[in-house]
1. Spot the failing condition for Ser84; the list is (1) in contact with a His (Cβ under 9 Å, 6 or more places away or on another chain); (2) under 28 Å from Glu45 (Cα atoms); (3) open to solvent by less than 30 Å² (accessible area, probe 1.4 Å), and only one is missed.
2. Going by the structure shown, is Gln239 surrounded by fewer than 17 Cβ atoms within 10 Å (Cβ to Cβ), more than 24 Å from His130 (Cα to Cα) and at pLDDT 90 or above?
3. Taking the stretch 257-276 on its own, how many of its residues are outside any loop (DSSP other than H, G, I, E, B), among the hydrophobic types (A, V, I, L, M, F, W, C) and open to solvent by less than 10 Å² (accessible area, probe 1.4 Å)?
4. In this structure, does Phe158 turn out to be more than 30 Å from Val73 (Cα to Cα), among the aromatic types (Phe, Trp, Tyr) and surrounded by 21 or more Cβ atoms within 10 Å (Cβ to Cβ)?
5. Do we have any residue at all in the stretch 264-273 that's out of contact with any His (no Cβ under 9 Å at 6 or more places or on another chain) and closer than 21 Å to Leu241 by Cα?
6. Restricting to the stretch 32-66, what's the tally of residues that are of a type in the set (A, V, I, L, M), within 21 Å of the chain's Cα centre (by Cα) and farther than 29 Å from Cys156 by Cβ?
7. Considering only residues that are open to solvent by less than 40 Å² (accessible area, probe 1.4 Å) and not charged (D, E, K, R), which ones fall in the stretch 118-134?
8. Under 7 Å by Cβ, and 6 or more places apart or on different chains, what pairs join a residue from the stretch 245-262 that is in contact (Cβ under 8 Å) with a residue 24 or more places away in the chain and among the small types (Gly, Ala, Ser) with one that is open to solvent by less than 10 Å² (accessible area, probe 1.4 Å) and not in a loop (DSSP other than H, G, I, E, B)?
Amino acid sequence: MGVGEAEHRILVKQPSAQKPSTQKRSAAEPVADDRPRLFPKAQPEWKSRFEFRAMSAIEQHVAGLDDPRFGAVRVLELLPDQQSLVLEKVSEKSLGRWLFWASLRPSRHAPGGPLDQALRNAGAWLRRYHELPALEHTQPRGGSREEFLDPLARLCEFLARATRDGSLARLGLELTARATAILPPRFPLGLGHGDYAPRNVLAGPTGRIRVIDTLARWRAPIYEDLSQFLTALKASAPQVLSHGLLCRPQLAAHFERQFLSGYFEGDRIPLDRIRLFECLTLMERWAAMTYRFHEARGWKRLAKGGRAVWSKRFLHDRITHLLAETRTASSAPSLSAAYLPAREAVQ
């Protein structure tokens, strides 16, 4: 787009195709559930407004921090009639792409290099974001242990019924017992991103990052965004389909250390709580995949059914492994102690 002699690169973000609806709904009214969810879907007609507010708040917040590690994608205009946003187009690539190529060529990953710096900055950015005050449309959610256990029970029940696998009921009981023993009555809350994954983190060659795709709908437990990032890191779709072969466990653990050290910045890392939230995130993704299979028809049902069967063992084993890690983390005198030697070794 040209203005006089100046040129600006822009991106118009439009909503995906939605089924037409003549019913008018308020921003707070939830969409009918099709499967158990950790939180209800946003109304399509309100998403662009929420994102405009959130991205504008981030831009102001980052400018006030004056921190060279962080940037912001400028939101230029809201087009309410088209439910669209006009954004500055930036040159940085997604952190997800960086991680994908590092997983394919681990010998080329340089410890302490730009990728490690970007991961630490992604953690540090999230901590600053969680400190933002609630926006006009932000609502509190999920602040108690009971609000963790309720969706967990619904997800386990749905999966056990949909897959006809009795082991999932037993897994659900063990998850409930561990959560009851480990989680505090109340959780620390922050402004929730809602989809904090490497694909939504843009990283430059020096590790400077910008973050996109947030509606800031909820003031939610900080562990949700942390678990979403770690789940996307260690259990992305390619990682699930390859049964963990895409990224070596040692390399994934190294990436995780960089991210968590950036967020907690020397504070004690509540790894047992994070692991339980990772379990919950995985359960929801498993439920989504199972639901899509049952709703599909024709060749899509065949393809989604094959994916569901192939992925089931990896997801079950991953959740079992995370549960085992909660026992190890709970017995450790300092949950961050296990990370310190590895973190110092790569810096």
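The values are calculated or read from the model by the stated rules, or taken from the named source; none is laboratory data. Quantities reported herein were computed from a predicted structural model and do not represent experimental measurements. Note: ideal-geometry Cβ built from the backbone for every residue, glycine included; neighbour counts use all protein chains shown. These accessible areas exclude ligands, DNA and RNA; they are computed on the full protein's heavy atoms, side chains included. Shrake-Rupley method; radii C 1.70, N 1.55, O 1.52, S 1.80 Å.
1. The failed condition is (1).
2. On the way: surrounded by fewer than 17 Cβ atoms within 10 Å (Cβ to Cβ): no; more than 24 Å from His130 (Cα to Cα): yes; at pLDDT 90 or above: yes.
For Gln239, the condition - surrounded by fewer than 17 Cβ atoms within 10 Å (Cβ to Cβ), more than 24 Å from His130 (Cα to Cα) and at pLDDT 90 or above - is not met.
3. 4
4. Numbers: more than 30 Å from Val73 (Cα to Cα): yes; among the aromatic types (Phe, Trp, Tyr): yes; surrounded by 21 or more Cβ atoms within 10 Å (Cβ to Cβ): no.
Against the criterion (more than 30 Å from Val73 (Cα to Cα), among the aromatic types (Phe, Trp, Tyr) and surrounded by 21 or more Cβ atoms within 10 Å (Cβ to Cβ)), Phe158 does not qualify.
5. So in the stretch 264-273, the residues out of contact with any His (no Cβ under 9 Å at 6 or more places or on another chain) come out as 264-273.
Next, from what is left, pick out any that are closer than 21 Å to Leu241 by Cα: none.
No, every residue in the stretch 264-273 fails to be out of contact with any His (no Cβ under 9 Å at 6 or more places or on another chain) and closer than 21 Å to Leu241 by Cα.
6. Looking only at the stretch 32-66, we keep the residues that are of a type in the set (A, V, I, L, M), and these are 32, 38, 42, 54-55, 57-58, 62-63, 65.
This time we only want the ones that are within 21 Å of the chain's Cα centre (by Cα), so: 38, 42, 54-55, 57-58, 62.
Pick out the ones that are also farther than 29 Å from Cys156 by Cβ and you get 54-55, 57-58, 62.
Matching residues across the stretch 32-66 total 5.
7. Taking the stretch 118-134 first, the residues open to solvent by less than 40 Å² (accessible area, probe 1.4 Å) are 118-126, 129-130, 132.
If the condition is that a residue be open to solvent by less than 40 Å² (accessible area, probe 1.4 Å) and not charged (D, E, K, R), then Ala118, Leu119, Asn121, Ala122, Gly123, Ala124, Trp125, Leu126, Tyr129, His130, Leu132 are the ones that fit.
8. Ser261/Gly123; Gly262/Leu119; Gly262/Asn121; Gly262/Ala122; Gly262/Gly123; Gly262/Ala124
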